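The values are calculated or read from the model by the stated rules, or taken from the named source; none is laboratory data. Just so we're clear, the structure is a prediction, and the values are computed from it rather than from any experiment. Glycine gets a Cβ as well: all are built from the backbone with ideal geometry, and neighbour counts include every protein chain shown.
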Amino acid sequence: METNDLLNLRKFLAPEIVYGRGALKLAGRHAENLGASRVLVVTDPGVQKAGWTSEVESSLSTSRIPFVTFSGVTSNPKDYEVMAGAEVCRNEGCDLIVAVGGGSPMDCAKGIGVVMGNHKNIREFEGVDEVPNPGPPLIFIPTTAGTSADVSQFAIITDTIRHVKIAVISKMVIPDIALVDPQTTITMPLELTAATGMDALCHAFEAFVSTAASPLTDMAALWATRLIAENLLQTCQEPENIACRDAMMMASLMAGLAFSNASLGMVHAMAHSLGGAFDLPHGECNAMLLEEVIHFNFDAASDKYVQLADAMRVHCDGAPVLSCASALSGHIASLRRKLGITQRLCNMGVSSADIPRLAGYAFKDPCLATNPRKATHYDIENIYKQIYE
Ligand SMILES: [Fe+2]
């Protein structure tokens with residue numbers, strides 16, 4: 001290590017994390033500790049139907065904290081949903097937000113918090129460190145093992161005027177408390193289990209090869225990769241296996257801590273573009289892109305990719321770089337197919353004529369800044385073409 005490297009400052013941000021069975025039942029106690037007088041619960045209809053929202057509401061009732069529930073959130077949460085939630089929060093006089101659900105309600109809740117603290121449209125806060133004031137305290141309860149919005153400093157919101165996803169990256173959107181209860185993931189449908197698990201794998205891979213990686217994020221990313229390699233497929237085969245669900249939730253949490261602090265890369269830049277323009281599922285887009293981006297990036301971070309291959313039990317010892325890249329990429333493709341993620345862009349409503357515009361959005365995404373290999377507009381178009389059919 002160079003002397004100069006030793007002097008590089010690194011920071012690692014994380015919320016207070018309570019992990020384990022029954023963690024979601026602590027929502028009321030923690031809201032009380034944070035001095036809440038009235039809580040906005042942000043969730044979505046699927047999570048309500050699964051019963052997790054009512055468990056959280058009961059916990060608030062037990063602590064005698066009044067609440068109002070906002071469930072007007074769809075996947076790829078939209079700017080107008082954030083603004084509608086903020087209006088409910090303001091009109092009802094809520095001073096703390098509890099989010100229960102996957103990435104969509106959690107990101108929407110972060111957006112509501114930003115709007116509450118700063119009194120402008122959520123579209124005004126795109127970029128890194130663009131949120132001047134904190135919002136109300138946030139208690140997050142994830143019900144998927146993948147997005148990890150409960151520990152990250154990222155909120156991804158769809159700008160429905162420009163049809164792009166905007167990334168709000170700020171320590172102001174890190175929740176105060178994450179109540180991580182692996183039992184909540186038992187009710188996830190199979191496709192969501194697979195897609196969110198691949199999203200978590202992309203978080204781990206992208207954080208590990210990021211130009212902003214540090215020993216702290218590397219440790220979390222590698223461990224997450226090992227857990228996902230050992231448990232994702234089995235979780236989909238045995239959805240009620242709580243040990244597998246537990247391992248996947250821990251993997252998601254670790255990958256979340258890694259990417260929150262090391263940022264992401266080309267996979268997410270390109271997936272955000274697809275999600276913003278065509279409302280496509282985030283995890284599936286990531287799953288399709290990862291194998292191609294490994295090929296593109298491999299030479300620029302080959303030592304790191306060899307370690308990831310080892311964590312996936314793809315052994316590359318002494319193999320030429322090109323064959324290791326192919327082995328790792330092939331392994332990821334095989335896992336994706338076994339998980340039933342076999343769609344291509346051409347059957348997801350995307351036309352080949354859309355590719356230049358998609359590449360333009362991805363090129364401007366802040367996640368591209370930490371990709372280990374610099375990508376041109378042309379490189380990005382080529383990768384979209386590879387997953388087109
Ligand atoms: Fe993601």
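Return the only residue of V82, V131, V115 being assigned to a loop (DSSP other than H, G, I, E, B), farther than 23 Å from L26 by Cβ and of a type in the set (A, V, I, L, M).
Details: V82 fails: assigned to a loop (DSSP other than H, G, I, E, B); V115 fails: assigned to a loop (DSSP other than H, G, I, E, B).
Going through V82, V131, V115 in turn, the sole match is V131.
Among the residues of region 354-378, write down those that are outside any loop (DSSP other than H, G, I, E, B) and over 21 Å from E284 (Cα atoms). Lay out the reasoning, then the answer.
Residues of region 354-378 that are outside any loop (DSSP other than H, G, I, E, B), as a first pass: 354-364, 366-370, 377-378.
Passing the criteria: K364, A369, T370, H377, Y378.
Pairs meeting the criteria (first residue in region 2-23 and in a helix (DSSP H, G or I), second residue surrounded by 12 or more Cβ atoms within 10 Å (Cβ to Cβ) and modelled with pLDDT of 95 or more, beta carbons under 8 Å, at least 6 apart or on different chains) are A23/I141; A23/L179; A23/V180; A23/D181.
Of the residues examined, S351 is not one that is under 27 Å from L232 (Cα atoms) and exposed (fewer than 14 other Cβ atoms within 10 Å of the Cβ). In this structure, E206 does not satisfy being over 29 Å from D303 (Cβ atoms), part of a helix (DSSP H, G or I) and in contact with a Gly (Cβ under 8 Å, 6 or more places away or on another chain).
Does E230 fit the bill of being assigned to a helix (DSSP H, G or I) and within 14 Å of the ligand (Cβ to nearest atom)?
Numbers: assigned to a helix (DSSP H, G or I): yes; within 14 Å of the ligand (Cβ to nearest atom): no.
So E230 does not fit the description; no.
Count of region 214-243 residues, restricted to those that are small (G, A, S) and either in contact with a Cys (Cβ under 8 Å, 6 or more places away or on another chain) or without any contact (Cβ under 8 Å) to a residue 60 or more places away in the chain (or both), is 4. Taking the numbered list (1) within 16 Å of the ligand (Cβ to nearest atom); (2) crowded, with 20+ Cβ neighbours inside 10 Å; (3) not aromatic (F, W, Y) in turn, S75 passes all entries but (2).
When every residue of region 359-372 is checked against the conditions, none turns out to be of a type in the set (K, R), at negative phi and touching a helix residue (DSSP H, G or I) at 6+ places or on another chain (Cβ under 7 Å).
In region 118-141, is there at least one residue being touching a strand residue (DSSP E or B) at 6+ places or on another chain (Cβ under 7 Å), within 16 Å of the ligand (Cβ to nearest atom) and under 29 Å from D354 (Cβ atoms)? Checking region 118-141: not a single residue is touching a strand residue (DSSP E or B) at 6+ places or on another chain (Cβ under 7 Å), within 16 Å of the ligand (Cβ to nearest atom) and under 29 Å from D354 (Cβ atoms).
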